[in-house]
Amino acid sequence: MYLESRLAEVKALNATLVQTYEEIDGILSAALEADNYVDLESLKIVVEHPPFDQGLDGIPTPPMPELVYPPEPVYSEPPKSSGLFFSEKKHAKQIAQAQASHVQARSAWEAKNIAMYEAHIAESKRREEVERGRLERLAAREFRYKFECDQREADAAVRNSELTKLINDLAFDVESAIQEYVGIVLSNSVYPETFPVEYDHAFDLSTRELTLTVIVPEPSAIPAIKEYRYVKARDEIAETSLSAKAQKDRYAGAVMQVAVRVLSEVFEADRSGKIHSISLTVGSDAISPATGQITSIPFVVAAADRETFTQFDLANVVPQATLEHLGAAISKSPCDLTSADTSRGVRARKQ
């Protein structure tokens, strides 16, 4: 059973490794399956308030039951006996005893009625206080609920107003609006957890060109493991490393895919064609082998115009070949943090 658990652990590690590599190798293909256009109207908030929760304060205090007194004692005079042994004196004594018992019973009845009345009044006051407290707490709940609803409405109104302004500014080609829309598009792009990217961009309305910088992780961010295996003799899980060539090819492939993917996402999302061209740099912030200092190392520097790029069938391209066709400057070995040669300029290369 122990051996089986260890083998299962290895199997799970290898499955995770395969999934990680598939996600990295499929950076471009994953994006082609999605619609990158962002409908700004759909981002507007339609406020839906949760139902008001009264809690236990929504349960009214039970009504006070009606006060019902016990029946009043009724005096019953002892009957006279008939026969030869009837005695007036004895009957008079029985009457006196019956009258005394009646007086005593009536006194007890009156005392009980007074106690019941006082208890009823006290319980009525207690219930009134409980009900008053309940209504006060319920009113406080209602106040908080209304405040929260009003806050949601106000927040939604501000958000929707901002979106309305952005939509209108986009329609009138406001530079900052186009730049903001690009930021929304890029923020919606989901990359593998092991290969996150960051962006910096600026749009120039006069040339209708978007300058876009994409920062990818350093080569060390990608696993360099070929597979895991269990070594029974040492009771340990060992790693088999990928070849250096495999590591370099995967990292370079990921960089090229990111470059083509970003160009595709922006042009596709810009349905109204406000962006005519993109000046793109894909690189990494890493320690330069030449200086030993953290620096931005460009791996791909490319320029693409809408008319040309949108003609490509990206489902069938090889990303590096696409970039070369665009005249991009490409690093010979991104995994070795080698910068792309930009001395001639990418537009000159394309020409």
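What net charge do the residues around A254 carry, taking every other residue with its C-beta under 14 Å from that of A254, with Lys and Arg at +1 and Asp and Glu at -1?
On the way: positive: K248, R250, R261; negative: E22, E23, D25, E193, E218, D249.
After counting each charged neighbour, the total is -3.
Evaluated at q = 0.10, 0.19 Å⁻¹, a Debye calculation over the C-alpha positions of the range 1-140 (equal weights, vacuum) places log10 I(q)/I(0) at -0.80, -1.15. Label sites at D336 and D235, each approximated as a point 7 angstrom past Cα along Cα to Cβ, lie 4.5 nm apart.
Sorted from longest to shortest, the spans of the Cα atoms of the range 218-281 along the three principal axes equal 65, 20, 14 Å.
Which of the GluC sites (Glu not before Pro) found in the range 172-204 are loop residues per DSSP with 12 or fewer other Cβ atoms within 10 Å of their Cβ?
Within the range 172-204, the qualifying GluC sites (Glu not before Pro) (loop, at most 12 other Cβ atoms within 10 Å) are E193.
Summarising the overall dimensions of the range 103-181 from its C-alpha atoms, the Rg and Dmax are 32.2, 103 angstrom.
According to the calculation over all Cα-Cα pairs in the range 81-122, the P(r) per 5 Å bin from zero is 5, 21, 13, 14, 10, 9, 9, 7, 6, 4, 2, 0 %. Which loop GluC sites (Glu not before Pro) in the range 8-72, with loop taken from DSSP, have no more than 12 other Cβ atoms within 10 angstrom of their Cβ? Loop-located and lightly packed - E33, E48, E66. Using every pair of distinct Cα positions in the range 139-234, the Kirkwood expression returns a hydrodynamic radius of 18.3 angstrom. For the Cα atoms of the chain, what angle does the longest principal axis make with the long axis of helix 88-171, in degrees from 0 to 90, nearest 10? The helix 88-171 is inclined about 20 degrees to the chain.
Take every pair of alpha-carbon atoms less than 8 Å apart whose residues are at least six positions apart; their mean separation over the length of the chain yields a relative contact order of 18 percent.
Here the simple spin-label model places points 7 Å from the Cα toward Cβ, and for R137 and S220 these points are separated by 5.9 nm.
GNM remark for the chain: springs join alpha carbons under 10 Å apart, and the peak mean-square fluctuation among I225, I297, I275 falls on I225. Segment V47..I95, full-extension length gain: 8.8 nm, with 0.36 nm per residue of separation and the alpha-carbon distance subtracted. Do any trypsin sites (Lys or Arg not before Pro) in the range 289-348 lie in a loop, going by DSSP, with at most 16 other beta-carbon atoms within 10 Å of their beta carbon, and if so which? Of the trypsin sites (Lys or Arg not before Pro), the ones in loops of the range 289-348 whose Cβ has at most 16 other Cβ atoms within 10 Å are K332, R344.
Tell me, what are the semi-axes, in whole angstrom and largest first, of the equivalent ellipsoid of the range 203-319 as set by the roots of 5 times the Cα gyration tensor eigenvalues? Intermediate values should be presented prior to the final figure.
Values: eigenvalues 283, 69, 22 Å².
Semi-axes (√(5λ), whole Å): 38, 19, 10.
Enclosing the Cα atoms of the chain in their convex hull gives a volume equal to 354 cubic angstrom per residue. Pairing the Cα long axis of helix 2-25 with the longest principal axis of the chain, what angle in degrees results, from 0 to 90 and rounded to the nearest 10? The angle comes out near 60 degrees.
Throughout, read-outs are computed from the coordinates displayed, never taken from laboratory work. These figures come from a predicted structure and were not determined experimentally. We place every Cβ from the backbone using ideal geometry, glycine too, and count neighbours over all the protein chains shown.
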